[in-house]
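Below is one structure, written out as structure tokens; the observations come after it.
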Amino acid sequence: MLKKKRKLLLINPLNSGTKGLIIHKKVIYPPLGLGIIATLTPDNWEVELMDENFEEFQYKEADLVAFTALTSSVTRAYEIADIYRKKGTKTVIGGIHVSMMPDEAIKLVDTVVIGEVESVWPTLIEDFENGNLKSKYMGMLLSMENAIRPKRDLFHKDYNFASIQTTRGCPMSCDFCSVHTFNGNCYRLRPVDDVLDELETLEHNMVYFVDDNLIGYGKKSQQRAIELFNGIIDRGIKIEWFCSASMNFADNEEVLELASKAGCRMVLLGIESERIDQLQDMNKKLNAKMGIDSYDKVFSTIHKYGIAVLGAFIYGLSSDTPESMAARTDYINNAAIDAVQATILTPLPGTGLFNKMIEEKKITLNNYPEDWQHYHFGKVVFEHDIMDHETISNEIASNWDKLYNENTLKKKFIRTLKQTKSPVAGIWSYGSNLQYYNLVFEHDNSRPHLDLVDIFGLKDIDSNPFI
Ligand code: SF4
């Protein structure tokens, strides 16, 4: 008689209070980490994914329940884990937040995976089967030579973008970022052919490269990007995609030309601030070294190849004042930046910023774990050096009003079309702006939700994944 399979339930929790940067299910990306766990789980297990981006949690029987979580969604993960623990079902959690806060997680979940999961998941499953599940597993940073591909058939079919990872790690150490702590300072690259093989298996033609910097730093990684883009072109892989990169994205026009031919339509650049002193304060070395005067050239060079620029900026930096934030908004609105991700400085665990604010007792929303749900980049969670809470919150709201009002968005859209001559780049950047508009005005009932508003008659354009 066949032995009954054990059941692993994977849960992707969603912050129930606010969606934060994740605004619309159509622009979020499948949980790759959970897909990788599914691949690593042996065949004598049945694996199911419950994805709160698409379905509200409903209790389902399972032998083992595993979560991934960001800081903003970890409160929700703990809440669901509690339901299972009360019924005696073992729970496991991994991801960037608990890797930085394992001692917190271990009180609320049976097992914590610290770091990248690949090196420990098979052992964890074996231990569970032997009734010997440990409370902590320490993942190692493995080479990307034999990267595990996610089991994509688990992902909800309504994800409009496929996501894929081609590198891990970052040699930079920006003060507000925990990527280098979680994935390490070494920039690890997957072999190009392996990436191309996986790209050929994707059912989507819109793709997000989740790498923190697809182009990397230095000649070797530039060469590898060239090989990747040539491979996409040579194999006839028909995709349109966007990615994140650093301000060095435009250093080599051959890279840009090939990226564009290979389907690149938008790039997210971490610009953060237009002030050198602030960039130095946050240890954003590359931007500080390049200097703001070179940015216009970077944007125009990227546009020349039909690629839109999504600029990420931070408000509420320690030296910010009402005037400096207004100057940032003027800069953004006047520069050739197509889409804007404006966020509030947020001290995430594992960052230098968090450690400093803890030491200086600056964090005001610190009733953990409940308060993690406010760490979604849209709320001031700390005491600012210069502005009181009301002033900084109001000033940021008024800046966002100037960034995301309908007239500005329309102007940006027209300018993007002119500069990139790419309808897809125009629509993607316009759609991104609508998403950020909806984020920043999420709780303002006086404003319409623009993803449903047809400013340009675009909502009938099927190719716009954002609307
Ligand atoms: S913000 Fe970007 S460049 Fe800076 S450490 Fe994080 S991943 Fe690296």
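The values are calculated or read from the model by the stated rules, or taken from the named source; none is laboratory data. Just so it is clear, the structure is predicted and the values come from calculations on it, not from any experiment. Reconstructed Cβ throughout: ideal geometry from the backbone, glycine too, with neighbour counts over all protein chains shown.
Within the stretch 366-389, restricting attention to residues that are hydrophobic (A, V, I, L, M, F, W, C) and surrounded by 17 or more Cβ atoms within 10 Å (Cβ to Cβ), the residue that is nearest to the chain's Cα centre (by Cα) is Phe377.
The single condition among (1) surrounded by 16 or more Cβ atoms within 10 Å (Cβ to Cβ); (2) free of Cβ contacts under 8 Å to residues at least 60 places away in the same chain; (3) outside any loop (DSSP other than H, G, I, E, B) that Leu317 does not meet is (3).
Looking only at residues in the stretch 178-199 that are at pLDDT 95 or above and in a loop (DSSP other than H, G, I, E, B), the one that is nearest to the ligand (Cβ to nearest atom) is Arg190.
Residues of the stretch 291-313 that are surrounded by fewer than 19 Cβ atoms within 10 Å (Cβ to Cβ) and in a loop (DSSP other than H, G, I, E, B): Gly291 alone. Based on this model, can you work out whether Ala81 counts as under 25 Å from the mean Cα position of the chain (by Cα) and either closer than 26 Å to Leu365 by Cα or part of a loop (DSSP other than H, G, I, E, B) (or both)? For Ala81, the condition - under 25 Å from the mean Cα position of the chain (by Cα) and either closer than 26 Å to Leu365 by Cα or part of a loop (DSSP other than H, G, I, E, B) (or both) - is met. Any idea which of Met290, Met282, Met247 is within 16 Å of the ligand (Cβ to nearest atom) and at pLDDT 95 or above? Selected residue: Met282, the only one of Met290, Met282, Met247 that is within 16 Å of the ligand (Cβ to nearest atom) and at pLDDT 95 or above. With respect to the stated conditions, Cys170 is within 19 Å of Val195 (Cβ to Cβ), within 20 Å of the chain's Cα centre (by Cα), within 13 Å of the ligand (Cβ to nearest atom) and of a type in the set (A, V, I, L, M, F, W, C).
Evaluated against (1) among the aliphatic types (A, V, I, L, M); (2) touching an Asp or Glu at 6+ places or on another chain (Cβ under 9 Å); (3) over 26 Å from His374 (Cα atoms), Met138 falls short on exactly one condition, (2).
Residues that are touching a residue at least 60 places away in the same chain (Cβ under 8 Å) and outside any helix (DSSP H, G or I) were ranked within the stretch 84-108; the one that is surrounded by the fewest Cβ atoms within 10 Å (Cβ to Cβ) is Met101. Here is the figure for the stretch 251-279: residues that are small (Gly, Ala, Ser) and within 16 Å of the ligand (Cβ to nearest atom) total 2. Contact map, the stretch 200-215: first residue closer than 18 Å to Ala245 by Cβ and more than 12 Å from the ligand (Cβ to nearest atom), second residue assigned to a strand (DSSP E or B) and among the small types (Gly, Ala, Ser), Cβ cut-off under 7 Å, separation 6 or more or different chains; pairs are Val207/Ala162; Tyr208/Ser163. Within the stretch 159-180, residues that are of a type in the set (Lys, Arg) sit with their Cβ atoms under 7 Å from residues that are modelled with pLDDT of 90 or more and within 10 Å of the ligand (Cβ to nearest atom), at 6+ positions apart or across chains, in these pairs: Arg168/Asn183.
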